[in-house]
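Here the structure comes first, spelled out in C-alpha cells, and everything after it is commentary.
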Amino acid sequence: RMRFLCLVVLFVLCFKSYECSPETLTIPAVINLPFPAYHSAKRLAIEDINNDPHILPSTKIVLEDHLIPNTPPIITLMMDLHERNISVTVGNEYSGVSTQTGIVGAIFDIAQVSGLVTSPLISDKTTYPYFNRISANGNGQMFALIDSIRYYSQTVGRGWSEVAVISHTLLFGVTLAETFIEGAGNDITVVTYQQFLYQSDEYDQEMREIKTSGARVIVCMLYAPAWDTLIAAANETGLVGDNYVWITPSPLVGSPIFKRETDVAPELARGLLGMFEYFPPTDTYTRFLERWQQLDPEEYPGTGPGEFPTLYTRLSYDMFRLTCLAANEIDKQGKLDLEHIPAELWAETIRKITFEGVTGPVALNEFGDRITDYSQSFYNPDTGTWTISAVWSKEGGFQPFPDVEVVWHSNSTSFPDLDIREPFHYWSCDDKEEGYDGTGKTISRQTPD
C-alpha cells in the first residue's frame, strides 16, 4: 500500500512539473504557397514558443516544413504522418486542397489548423470534424461585400445595384460566388456570372459578356496569381476606369501579389476594394511590427526596415501560436507524451484556446472557424498598401470609418459615377439646333405635341 501511495505522489509531482513531457514535439507544416515571408513568420512563432518559459517549458517544438502545392502528395504525406503517430498539422492554404486533406484527416485521425483557408464547406463538422482555422468562413466576406454594395447603392444611387460576378472554376471561387449570388437579394441584380479556367490566360469571352451586360460593379473571385493577366484583359476590353468598381475577397488583400514589379497591374488596381477579416490595431501587433522591421532580411526573408508583414503572414504566425498553445494545454493534462494524441483531443483543445495575437483577438467557434468581424479596404498603388475604410459585423452591419475616405480609381475621394447611359443626338425645339448628350442623362427627352 505504501508503495502504491508513493507511485501516486510521484505521478502527481511528475504531472505538475512537466517532467513527463516529451523532449520534442514535431509539428509538420504543409505549405501550398511559396512566399518567403510565410516561412519567416513560422520560424518566429516557433522561436517565440521555444523561448517562452511559460509555454511547453520541458518540450522543444520542431518545425517540419513541407512545400507541397497539390493534393495527391499531401495525402501521401498524411499517410506517412499517421504511421509516425503524428496527429496534428498546420498549413494547407488552398480551399481545394483543404477540403480533401480534411477528409483524409478524419480517416487517419489527424487534426489540422489552417491560417488562410476560407471555404464554407470546412464548417461542416460531419465531414471535417478535426479541421480548424484562424481564418473565418468565407461566407462572412460575402455578406460584408453584399452590404457594402447596398450601402453605396443607397448613398450614391443608380449603377451600383447591377453587378457582374467572375470567378475561376476552383472550389474557392465557385463557392463564394454562389454565396454572393444567393445572398444578393432583390435589391442587387447579378446581371452576369462568368467563370474561367484556373491558370488560363484567355478571358476574351468572359470580358465580352461582362461588357455586354452593362455592369459597372465587378465582383472578382480568384487566387492572387491570376490577377495580373485578368485585369490586363479587362483593361483591354474597356472594363477598367473611373466609371467602374472592382471588388475582391481575401486572396488579393492578404497576399504580397501587388509587390510584383509589373508595369500595368498595380496601377489598374487603383481603388480596388477588398474584403478581409478585421484585425484591429493592438499593442501586440505594434511590438511584432517593430521586431519584424528590425530583423535581418538575409536571415528572415520578407522582413527588414520598411517592410510590413502581409495579413496572410500575420495569420501564419498566429496559426502556429494557436497550435502550440493547444499543445501546452494538452501537456498540462499529462497527455502530450501519449504514443498517439487523438485528433479529437487536438480539435477540442484548439477550439477552447483564446489569446491576443498579431491579428487581434483569436477565438474559434464550435465549428473551428475564427470568430471575427470583417473589413473593407482600398488599394493604393502609389504606396503599395491597402487602407481599411469600413468594418462589417453581423450585429452592426456595414459601417464606413468617418475619418477615412476611399480613394477610387480616379485617384479622388469623389464617388465614381456608375450611372452611365447610352449617349444620344437630339433636336432642341427651344434652341432650334441639334445637340448631343454624351452622358445619356443630362438632357430630358420629350416628344413634341
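The values are calculated or read from the model by the stated rules, or taken from the named source; none is laboratory data. All figures in this text were calculated on a predicted structure; none of them were measured in a lab. So basically every Cβ, Gly included, is an ideal-geometry build from the backbone, and we count neighbours across all protein chains shown.
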Only residues in the stretch 222-233 that are more than 13 Å from Ser167 (Cα to Cα) and at pLDDT 85 or above count as the first member; pair them with residues that are of a type in the set (Gly, Ala, Ser) and not in a helix (DSSP H, G or I), Cβ under 7 angstrom, at least 6 apart or cross-chain, and list the lot.
-> none
Given Leu338, Leu364, Leu322, which one is out of contact with any Asp or Glu (no Cβ under 8 Å at 6 or more places or on another chain) and modelled with pLDDT under 95?
-> Leu338
Just give me the residues in the stretch 292-302 being within 12 Å of Ser40 (Cβ to Cβ) and free of Cβ contacts under 8 Å to residues at least 12 places away in the same chain, in sequence order.
-> Asp296, Pro297, Glu298, Glu299
Working carefully through the options Thr175, Thr192, find the one that is modelled with pLDDT of 95 or more and of a type in the set (Ser, Thr, Tyr).
-> Thr192
Failed item, numbered, when Asp52 is tested on (1) surrounded by fewer than 18 Cβ atoms within 10 Å (Cβ to Cβ); (2) closer than 30 Å to Trp392 by Cβ; (3) acidic (Asp, Glu) | (2)
Could you list, in sequence order, all residues of the stretch 109-146 that are assigned to a helix (DSSP H, G or I), of a type outside the set (Val, Ile, Thr) and surrounded by 22 or more Cβ atoms within 10 Å (Cβ to Cβ)?
-> Gly140, Gln141, Met142, Ala144, Leu145
Residue selected from the stretch 229-246 under the condition of a type outside the set (D, E, K, R) and in a loop (DSSP other than H, G, I, E, B), by the criterion farthest from Arg158 (Cα to Cα) = Thr237
Asp296 fails exactly one of (1) surrounded by fewer than 15 Cβ atoms within 10 Å (Cβ to Cβ); (2) under 28 Å from Pro57 (Cβ atoms), namely (2)
If we only count helices (runs of 4 or more DSSP H) wholly inside the stretch 264-340, which ones have 3 or more residues that are among the aliphatic types (A, V, I, L, M) and within 17 Å of the chain's Cα centre (by Cα)?
-> 311-332
Any hit, the stretch 207-222, residues being within 27 Å of Gly115 (Cβ to Cβ) and in contact with a Ser or Thr (Cβ under 6 Å, 6 or more places away or on another chain) | yes
Could you check how many residues of the stretch 267-320 are out of contact with any strand residue (DSSP E or B) (no Cβ under 8 Å at 6 or more places or on another chain) and under 24 Å from Val245 (Cα atoms)?
-> 3
Regarding Gly271, is this residue under 30 Å from Thr229 (Cβ atoms), in the same structural domain as Ser250 (by TED's automatic domain parsing) and buried (at least 19 other Cβ atoms within 10 Å of the Cβ)?
-> yes
Report, by residue number, each residue of the stretch 69-88 that is of a type in the set (S, T, N, Q), within 19 Å of Thr26 (Cβ to Cβ) and not in a helix (DSSP H, G or I).
-> Asn85, Ser87
Qualifying residue in the stretch 175-183 (condition: outside the structural domain of Phe35 (by TED's automatic domain parsing), in a helix (DSSP H, G or I) and in contact (Cβ under 8 Å) with a residue 60 or more places away in the chain) | yes
Failed condition for Gly183, given (1) under 23 Å from Gln376 (Cα atoms); (2) buried (at least 17 other Cβ atoms within 10 Å of the Cβ) = (2)
Mind checking whether some residue in the stretch 435-444 is exposed (fewer than 15 other Cβ atoms within 10 Å of the Cβ) and at pLDDT 75 or above?
-> yes
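Okay, residues lined up against (1) crowded, with 20+ Cβ neighbours inside 10 Å; (2) aliphatic (A, V, I, L, M):
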| residue | (1), (2) |
| --- | --- |
| Arg321 | yes, no |
| Glu329 | no, no |
| Leu336 | yes, yes |
| His340 | no, no |
| Glu344 | no, no |
| Asn365 | no, no |
| Asp369 | yes, no |
| Gln376 | yes, no |
| Tyr379 | yes, no |
Only one of (1) assigned to a helix (DSSP H, G or I); (2) over 24 Å from Ser40 (Cβ atoms); (3) hydroxyl-bearing (Ser, Thr, Tyr) fails for Ser389. Which number is that?
-> (1)
Run Arg158 past the list (1) assigned to a loop (DSSP other than H, G, I, E, B); (2) crowded, with 18+ Cβ neighbours inside 10 Å; (3) of a type in the set (Lys, Arg) and report the number of the one that doesn't hold.
-> (2)
